[in-house]
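Engineer: Dropping the structure in here first, questions after.
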Amino acid sequence: MTRRSVRIRQSVGAYALIAPALTLISVFIIYPFLRNFKLALYAIPPFPGLPSKWLGIHQFTTTVTSDVFLNSLQATLLYTAMVVPLGVFAGLVLAVTAHQKLRGMAIYRVIFSTTAVSSVAVAATIFGTLLNPVNGLLPWFGINVNPPFLQNTTWALPAMAIIGIWEFMGLSFLLFSAGLQSLPEEVMEAALVDGASPVRRFFRVTIPMLSPTIFYAVAVGTIAAMYTFGQMDVLIGTGSTTYTNTDTLAYLIYQSVTVQPNAGVAACISIALFGITSLITFLQFRFLERRVHYVGE
Amino acid sequence: MAEVRFEQVGKQFGTQQVLTGFDLTVDDGEFLVLLGPSGCGKTTALRMVAGLEEPTTGSILIGGKSVEGVAPQHRDVAMVFQSYALYPHLSVAKNIGFPLLSQDGSKDENQKKVREAAELLGLGELLSRKPKELSGGQRQRVALARAIVRSPRVFLMDEPLSNLDATLRTQTRGEIVQLQQRLGTTTIYVTHDQVEAMTMGDRIAVMNNGHLQQIGSPAELYEDPINTFVASFVGNPGMNLLRAQRRSGVIYVGDTATVNVLGADESIVMGVRSEDLQLSNSGVPGVCSALEVLGSEVHVHVDAPGGQTVVIRQAANVARPRLGETVSFIVTTENPLFFDALTLERLRA
Ligand SMILES: Nc1ncnc2c1ncn2[C@@H]1O[C@H](COP(=O)(O)OP(=O)(O)OP(=O)(O)O)[C@@H](O)[C@H]1O
Ligand SMILES: [Mg+2]
């Protein structure tokens, strides 16, 4: 057999092996992704069967320059700016705490990581109860604002962010726990013997050595935060007075197909969201990753 | 600088007893080598001095004061880890300077100290490199520089040369000894390599199974071991141990009479160095089972009666047997060492 025919044979085998995965990805990811671009060019009527109207690129430009969109973008960025740093920090602190060799730490590890696997609907319901002005825990402690948190134009978004932080904390805790486990123990011990205080060890040794994990958590957390939707839907709703304070882009997409149905607008927003998130991620790689120290050889 | 003392130190991990009744005093300014086979508890002993482990029983004193409960960062000891444990994200200069951050010195003073330590170890050119850009030998020197930079009371070195090639190891061995002599800092140096121990230590403490066996100068350990473990572990090759019988003042190996040494009739173990055995036409019979040709000398391994093997050292220019050939050997010294057949402790006349 010639070398060429061997190579052809091998690639046929390889394509056969990836065919099932490729089919699924094509049907559920690639096709909808491309189809979305087409949707964005039309005004789509709310009921199936009615004709779509060609608007072209015009629909996209008007959508992304509209006040509604810009307001939503601002809410999304604010939300992300609250959730990512605080979620990363909280997860890091918890992970460092749980990394102590203390009795019963295993229980805490389980507890801390549960937020990563609990559904946002559950989290939102719990926080909704905590914040309830009549029988909530925080108001019971005397912590209250007027109007109540979820109806308060100042506090509604931070309240959403706290739920987001709570959710993200579990994932970032898991990431940092794994990161801490993989740090070379003798290096940490060397820092001890070298006379470094706990604070210095944390900032000069632990943090730099965890920087790949921190970068990963920030990148993943940013993407997740940019697409937040759940707690707004459960606790605020499109009819609420604070809707315009908490209408993240993902929620605005939802609103665009349900409340003022035009799937074309929704498609435009989702393309914009995709573009903005990609840009942020690109910038993170460009500017943050340079400061990451990879520990391995 | 300070003396380090172990007082009846015991250490358990769970149910495993790793160190038992460990008593050892390292004098101020001394270079003491802790020698023992893998897993005997050397690293554990060092880590307890550094404060990375606490003894289960007994106490450790540095400079005459118990360090029980004193955290590692307050013990003022420097440790060179088996794996070097350099900070991967810091340059060589910052690695060396790291211990100085916790001291009061000004920035200029610190930089000066870093440069001095780096020069001393020939790292002057490498100060801006990261550890991953260094060879094993260079990393090892960075670890040493980091240890000496702040003049600690005690140096702890855990097999720092184990990752180096033979040439570099010999060279660095000399450098470490010189450095220690210049600085005069009390040093505990851990190794499982008896050649390293013999060439470096003022005194060597031999350990086995968590027990201290014997402390002494290299010559003392070589010539005057207190039990069969030390006899066979120290020296290359180790001492040959032959089960023997004493009958009417004559030592028999198997049925062959060897040396004459007065004493009660009994079973004993006779210890003979390889240079004190010689192949001969008559003597204890055996079969040549291996030959190690080491250039100027040859180690001839002979399976002697009762399944014991001896190693006979001879010059390279002496005729040597073939593998599998039946040979016999004689004991050429008149003063072999004797050990109790049961306790394996040394018997002294
Ligand atoms: N943290 C630990 N938990 C349980 N057992 C341990 C621990 N550290 C060491 N040991 C055990 O204690 C014994 C002595 O270990 P130690 O590391 O002191 O040996 P060593 O003499 O330094 O050996 P080597 O020459 O291989 O480095 C070993 O049997 C080891 O398995
Ligand atoms: Mg060890």
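Engineer: Considering only region A:165-220, state which residues are within 14 Å of another protein chain (Cβ to nearest Cβ), small (Gly, Ala, Ser) and more than 27 Å from B:Val154 (Cα to Cα).
Structural biologist: The answer is A:Gly179, A:Ser182, A:Ser211.
Engineer: Here's another thing I want to ask about it. Considering region B:68-94 alone, what residues qualify as being assigned to a helix (DSSP H, G or I), within 7 Å of chain A (Cβ to nearest Cβ) and more than 16 Å from ligand 1 (Cβ to nearest atom)?
Structural biologist: The answer is B:Gln73, and nothing else.
Engineer: Test A:Thr153 against the criterion of being loosely packed, with under 14 Cβ neighbours inside 10 Å and either of a type in the set (Phe, Trp, Tyr) or within 24 Å of A:Thr244 (Cα to Cα) (or both), and give yes or no.
Structural biologist: For A:Thr153, the condition - loosely packed, with under 14 Cβ neighbours inside 10 Å and either of a type in the set (Phe, Trp, Tyr) or within 24 Å of A:Thr244 (Cα to Cα) (or both) - is met.
Engineer: Now, a different point. Here is a check on your reading of the model: is B:Leu156 buried (at least 19 other Cβ atoms within 10 Å of the Cβ) and within 16 Å of ligand 1 (Cβ to nearest atom)?
Structural biologist: Here the answer is yes, as B:Leu156 does meet what is asked.
Engineer: For residues that are within 7 Å of ligand 1 (Cβ to nearest atom) and touching a strand residue (DSSP E or B) at 6+ places or on another chain (Cβ under 8 Å), tally how many sit in region B:11-36.
Structural biologist: Number satisfying all stated conditions: 2.
Here's the yes/no breakdown for (1) under 18 Å from the mean Cα position of the chain (by Cα); (2) among the aromatic types (Phe, Trp, Tyr); (3) modelled with pLDDT of 95 or more; (4) surrounded by fewer than 19 Cβ atoms within 10 Å (Cβ to Cβ):
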residue: A:Thr206; (1), (2), (3), (4): no, no, no, no
residue: A:Phe229; (1), (2), (3), (4): yes, yes, no, yes
residue: A:Val234; (1), (2), (3), (4): yes, no, no, yes
residue: A:Thr244; (1), (2), (3), (4): no, no, no, yes
residue: A:Ala267; (1), (2), (3), (4): no, no, no, no
residue: A:Leu273; (1), (2), (3), (4): yes, no, yes, no
residue: A:Ile276; (1), (2), (3), (4): yes, no, yes, yes
residue: A:Arg290; (1), (2), (3), (4): no, no, no, yes
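Engineer: Under the condition of being within 16 Å of ligand 2 (Cβ to nearest atom) and more than 14 Å from chain A (Cβ to nearest Cβ), which residue from region B:11-31 is farthest from B:Ile188 (Cα to Cα)?
Structural biologist: Per the stated criteria, the residue is B:Gln16.
Engineer: Residues in region A:139-164 that are within 30 Å of A:Gln100 (Cβ to Cβ) and either within 14 Å of another protein chain (Cβ to nearest Cβ) or modelled with pLDDT of 90 or more (or both): how many?
Structural biologist: Residues in region A:139-164 being within 30 Å of A:Gln100 (Cβ to Cβ) and either within 14 Å of another protein chain (Cβ to nearest Cβ) or modelled with pLDDT of 90 or more (or both): 4 in total.
Engineer: A:Ile269: assigned to a helix (DSSP H, G or I) and touching a helix residue (DSSP H, G or I) at 6+ places or on another chain (Cβ under 7 Å), yes or no?
Structural biologist: In short, yes.
Engineer: Let me ask another. For region B:95-110, give me each residue that is more than 7 Å from chain A (Cβ to nearest Cβ) and either farther than 14 Å from B:Glu133 by Cβ or of a type in the set (Ser, Thr, Tyr) (or both).
Structural biologist: Once the filter is applied, which keeps residues that are more than 7 Å from chain A (Cβ to nearest Cβ) and either farther than 14 Å from B:Glu133 by Cβ or of a type in the set (Ser, Thr, Tyr) (or both), region B:95-110 yields B:Ile96, B:Gly97, B:Leu100, B:Gln103, B:Asp104, B:Gly105, B:Ser106, B:Lys107, B:Asp108, B:Glu109, B:Asn110.
Engineer: Let me ask something else. Within region B:304-319, which residues are farther than 17 Å from B:Ser232 by Cβ and either among the β-branched types (Val, Ile, Thr) or free of Cβ contacts under 8 Å to residues at least 40 places away in the same chain (or both)?
Structural biologist: B:Gln314, B:Ala315, B:Ala316, B:Asn317, B:Val318, B:Ala319
Engineer: Kindly indicate the residue of region B:33-57 that is of a type in the set (A, V, I, L, M) and touching a Ser or Thr at 6+ places or on another chain (Cβ under 7 Å) and also nearest to ligand 2 (Cβ to nearest atom) among those meeting that condition.
Structural biologist: Among residues in region B:33-57 that are of a type in the set (A, V, I, L, M) and touching a Ser or Thr at 6+ places or on another chain (Cβ under 7 Å), the one nearest to ligand 2 (Cβ to nearest atom) is B:Leu35.
Engineer: Also, quick follow-up: Going by the conditions given, is B:Gln8 out of contact with any helix residue (DSSP H, G or I) (no Cβ under 7 Å at 6 or more places or on another chain), more than 14 Å from chain A (Cβ to nearest Cβ), in a strand (DSSP E or B) and within 12 Å of ligand 1 (Cβ to nearest atom)?
Structural biologist: no
Engineer: I would also like to ask the following. Can you spot a residue in region B:152-162 that is modelled with pLDDT under 90 and more than 20 Å from B:Val4 (Cβ to Cβ)?
Structural biologist: Looking for residues that are modelled with pLDDT under 90 and more than 20 Å from B:Val4 (Cβ to Cβ), one finds at least one in region B:152-162, hence yes.
The values are calculated or read from the model by the stated rules, or taken from the named source; none is laboratory data. Just so it is clear, the structure is predicted and the values come from calculations on it, not from any experiment. FYI the Cβ positions are ideal-geometry reconstructions off the backbone, even for glycines, and counts take in every protein chain you see.
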